[in-house]
1. Residues that are crowded, with 21+ Cβ neighbours inside 10 Å, in contact with a helix residue (DSSP H, G or I) (Cβ under 9 Å, 6 or more places away or on another chain) and either part of a helix (DSSP H, G or I) or touching a residue at least 12 places away in the same chain (Cβ under 8 Å) (or both): does the range 255-267 have at least one?
2. Just to be sure before I move on: is residue 191 more than 18 Å from residue 142 (Cα to Cα), touching a helix residue (DSSP H, G or I) at 6+ places or on another chain (Cβ under 7 Å) and small (Gly, Ala, Ser) in the structure I sent?
3. Of the numbered conditions (1) assigned to a loop (DSSP other than H, G, I, E, B); (2) farther than 19 Å from residue 170 by Cα; (3) more than 21 Å from the chain's Cα centre (by Cα), residue 245 satisfies every one except a single condition; which is it?
4. Within the range 190-209, is even one residue in contact with a Ser or Thr (Cβ under 8 Å, 6 or more places away or on another chain) and outside any strand (DSSP E or B)?
5. Output the residue which, of all residues in the range 223-242 that are open to solvent by 30 Å² or more (accessible area, probe 1.4 Å) and over 30 Å from residue 57 (Cα atoms), is nearest to the chain's Cα centre (by Cα).
6. Looking at the range 42-53, is at least one residue more than 16 Å from the chain's Cα centre (by Cα), hydroxyl-bearing (Ser, Thr, Tyr) and within 21 Å of residue 120 (Cβ to Cβ)?
7. Can you tell me which residues in the range 145-157 are under 21 Å from residue 96 (Cα atoms), open to solvent by less than 50 Å² (accessible area, probe 1.4 Å) and touching a residue at least 60 places away in the same chain (Cβ under 8 Å)?
8. With 2, 62, 23, 9 as the choices, which residue is under 15 Å from the mean Cα position of the chain (by Cα), surrounded by fewer than 17 Cβ atoms within 10 Å (Cβ to Cβ) and basic (Lys, Arg)?
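The values are calculated or read from the model by the stated rules, or taken from the named source; none is laboratory data. The structure presented is a predicted model; accordingly, all values stated were derived computationally and were not measured. Counting neighbours? That spans all protein chains shown, and the Cβs are built from the backbone with ideal geometry, glycine included. When the accessible area is computed, the model is the full protein with side chains, heavy atoms only, and any ligands, DNA or RNA have been set aside. Shrake-Rupley method; radii C 1.70, N 1.55, O 1.52, S 1.80 Å.
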Amino acid sequence: MKVLVTGHKGFIGSYIANYLTEKGHEVEGFEWVEHVVPDVSAYDWVIHCGAISDTTERDIDKVWAHNYEFTLRLMQVCENYNTNIQLVSTSAVYGNNTSFKETDPVYPQTPYAWSKFLIDKFLKENGYENFGMLVQNFRYFNVYGPGEGHKGDQMSLVSKFQQQAAHNGVIKLFEGSDKYQRDCVSVHDVAVVHEKMMHETDACGLYNLGTGKTNNVEEVAKIIAKKYDAKIEYIPMPTHLKSQYQEYTCADNAKLHNAIAIRHWHTIEEYINATN
């Protein structure tokens, strides 16, 4: 297949592009330019990873232009050429839910989460089956993996702890982290899902993309500290994060498992132990 990946220089987009190339697909990339929409006429699929994903970004006009307006224009040109599209949403739309099924209520807390929710809402209201192409939309849970260094404070907790342990020998952990549970999914598994959904099904719709299991944040820090022989230092949570810090995330991924066969979700232990 010929695939265009937007945001192909970012953490997830670059991994997906490389993975698909290794699988024998012809892959090209596109990075956001104001008022420019790519020519999608030659592609079988567009994977739209490009977005402002910084959860602390407060420039609403900027987030709106990148994440909402551009996405709608991209969908429009895909429909014009019957080019299938995979979109990226986020589990952040659920807010402080304790149940995470695609049909559950949502409570977005940030401009980023709102921009993704509004695309989800647009697709639901117009009907995924009513477009002139296949439309698959994935709500990513907490994605981690190699290549996150450029993200700074926006790195996954796994990569952030890894970097701190390797460079400083100390992991800085928010107080009370034993109370926080996260569904952490490896970027490799994310890429596998994207490829399988293109290859193995013609289903449309919204899908949670997570492992369906949780990791205690403190336990994640301990796994990484043990690997790097590092210490853990407990620090207060910054005030600006308290209102948006989810206590619990766990994907109900039954719908995804019904669409494709997923034999194994990699664990954090497997990932860390395979890291040099």
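1. Checked the range 255-267: at least one residue is crowded, with 21+ Cβ neighbours inside 10 Å, in contact with a helix residue (DSSP H, G or I) (Cβ under 9 Å, 6 or more places away or on another chain) and either part of a helix (DSSP H, G or I) or touching a residue at least 12 places away in the same chain (Cβ under 8 Å) (or both).
2. no
3. Status for residue 245: all satisfied but (3).
4. The answer is no, given that none of the residues of the range 190-209 is in contact with a Ser or Thr (Cβ under 8 Å, 6 or more places away or on another chain) and outside any strand (DSSP E or B).
5. Per the criteria, the residue is 223.
6. no
7. Residue satisfying the conditions is 157 alone.
8. 9
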